[in-house]
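Every read-out reported here was derived from the displayed coordinates using simple, explicitly stated rules and does not represent laboratory data. Model, not experiment: these values are computed from the prediction. For neighbour counting, all protein chains shown are included, and Cβ atoms are generated from backbone atoms with ideal geometry for every residue, glycine included.
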Ligand code: UDP
């Protein structure tokens, strides 16, 4: 099997590379390293089945060999990163999606887009099923990401309808684990790095907003099941265990035996109040369900952050 992964040097991309390489597939990882980290690919650089291409999906992509799967993950994905790189985020989701769809069409490859729970915006129903169309601010401070991914979904749906391209879309909810970028501003890495250095834990707002955190191994197994399935559909991939940000802070303080205090600061604009995936569809059609408990996943992530900060 020949697999192409865009965003292969990123957090989730590098775990997918790992899984496919361990199955002895040939893997090509594309990344422009804007938010991806080359170090995430160090374990594979000497493997004869692995190729890294420092390319930007905004440009036409020319690959000589046949491809069986194209997985398009390339995008800034944390609120801090996409706010810093808004135009790039728009282009990765729009032009990058069109370019990778064109590549999959030319190679007659199966295609997967990683979309996001952000397409639901600040949802007015909870949990969110795939049939919910969302509550999104089209020009707000998160719109470069939300709308780029909504465009990307429309592009995938059109290539599927018009060209019969074998596509699927996974909407990823908050994912955490090793290889996350530590200074990316995300809540799990912020809280862990603050807790282990006994600095104040910065809660944005009152901490009553909720998220549902999925350990990366579970997210990756969901992506692979969707890739392998024959359903050209949209699947939520996330962990339905919903907690408040205050509860997350308390859990991380306790797991790290930290002396940190909690400091409440301003809530960023358009920060969604709740996020909880309805994963009935992935469970029924992909036979997928997340297995890693938050406490276990956090312990693994804490060990990894400790090692990376040393
Ligand atoms: N958050 C926080 N403190 C931080 C970083 C984030 O309270 O140091 C909050 C943020 O306001 C949001 C939630 O944690 O409500 C998750 O933020 P993150 O940036 O990880 O991802 P999001 O789910 O918003 O895309």
Item checked: Length-normalised contact order for region 195-310 - Cα pairs under 8 Å, 6+ apart - percent -> 42
Next item on the list: Could you rank the peptides 151-160, 278-287, 186-195, 264-273 by their average count of other C-beta atoms within 10 Å per residue, with the highest value first?
Entry: 186-195, 151-160, 278-287, 264-273
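For the chain, what is the mean residue ellipticity at 222 nm derived from helices alone (per DSSP H run of n ≥ 4: -39500 (n - 2.57); sum divided by total residues; nearest 500 deg cm²/dmol)?
When only DSSP H runs of four or more count, the value is -11500 deg cm²/dmol.
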Note to self: 7 Å from Cα along Cα→Cβ at both residue 22 and residue 108: what's the point-to-point distance in nm?
What the structure shows: 3.2
Note to self: Modelling each spin label as a point 7 Å along the Cα-to-Cβ direction, I'd like the residue 154/residue 39 distance in nm, to one decimal.
What the structure shows: 4.0
Check: Scaled to the compact-protein estimate 2.2 N^0.38 Å, what is the alpha-carbon radius of gyration of region 225-264, rounded to two decimal places?
Finding: 1.97
Margin query: As an exercise, use a Förster radius of 22 Å and the Cβ-Cβ distance of residue 310 and residue 198 to find the FRET efficiency, rounded to the nearest 0.05.
Written below: 0.90
Checklist line | Protection proxy ranking of 109-118, 4-13 - average other beta-carbon atoms within 10 Å, highest first | finding: 4-13, 109-118
Notebook entry, point to check: Any idea what angle helix 216-228 forms with the longest principal axis of the chain, computed on alpha-carbon atoms, 0 to 90 degrees, nearest 10?
Noted result: 20
Note to self: Helix 11-22 against the longest principal axis of the chain: what's the angle in degrees, Cα atoms only, rounded to the nearest 10?
What the structure shows: 50
Checklist line | Mean separation of Cα contacts under 8 Å, 6 or more apart, over the residue count of region 21-155: relative contact order % | finding: 24
Notebook entry, point to check: Using r as the Cβ-Cβ distance of residue 271 and residue 53, and R0 as 41 Å, what FRET efficiency do you calculate, to the nearest 0.05?
Noted result: 0.70
Next item on the list: Please give the helix 187-196 orientation as an angle from the longest Cα principal axis of the chain, in degrees from 0 to 90, rounded to the nearest 10.
Entry: 50
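State, as an integer percentage, the relative contact order of the chain based on alpha-carbon contacts under 8 Å between residues 6 or more apart.
18
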